[in-house]
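Data first, discussion second: the structure below is written as structure tokens.
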Amino acid sequence: MLKGATVDSELLPVADGSDAWPVVSNGEELIRYDTSELRISVSWKAEVFENAEAARVRREGSDDLDLDRVVDIFMDALATSGISCPRPDEPLHDETFISTLNALYPMPALRD
């Protein structure tokens, strides 16, 4: 990593028409590259939603998973599978709950 560079550093063209591209951070030029030394890749990511309601749900986080919701999902899966297991008070430390889930969702065998 370039010393002094941050996520806000910029690679800027020089206005004089030269092939120089300085890296500037907080108004300070950290280093200067020639066009022949540069290779730039652009990665553009986007979240696409079916409709405004789906965008609202994502923006507000109303469908985010928390521990209670995850436990609800697992409890429903256990019930659907006909497996009886009491709802744990401390699901991350309840050995009965953990071993019951491990039995329902076994680790696949690893191949050599």
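What follows draws every value from the coordinates through simple rules; no lab data is involved. All of these numbers come straight from a predicted model, not from anything done at the bench. When we count neighbours, we look across all protein chains shown, and the Cβ atoms used for this are built from the backbone with ideal geometry, even at glycine.
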Query raised in the report: Hey, among the residues in the stretch 82-112 that are under 25 Å from ASP63 (Cβ atoms) and aliphatic (A, V, I, L, M), which one's surrounded by the fewest Cβ atoms within 10 Å (Cβ to Cβ)?
Result: LEU92
Query raised in the report: Residues in the stretch 65-81 that are surrounded by 11 or more Cβ atoms within 10 Å (Cβ to Cβ) and acidic (Asp, Glu): how many?
Result: 1
Report task. Select from the stretch 48-64 the residues that are surrounded by 10 or more Cβ atoms within 10 Å (Cβ to Cβ) and either of a type outside the set (D, E, K, R) or in contact with a Lys or Arg (Cβ under 6 Å, 6 or more places away or on another chain) (or both) and list them in ascending order. Result -> PHE49, ALA54, ALA55, VAL57
Requested in this report: Exactly one condition in (1) closer than 30 Å to ASP94 by Cα; (2) exposed (fewer than 12 other Cβ atoms within 10 Å of the Cβ) is not met by ASP16; state its number.
Outcome: (1)
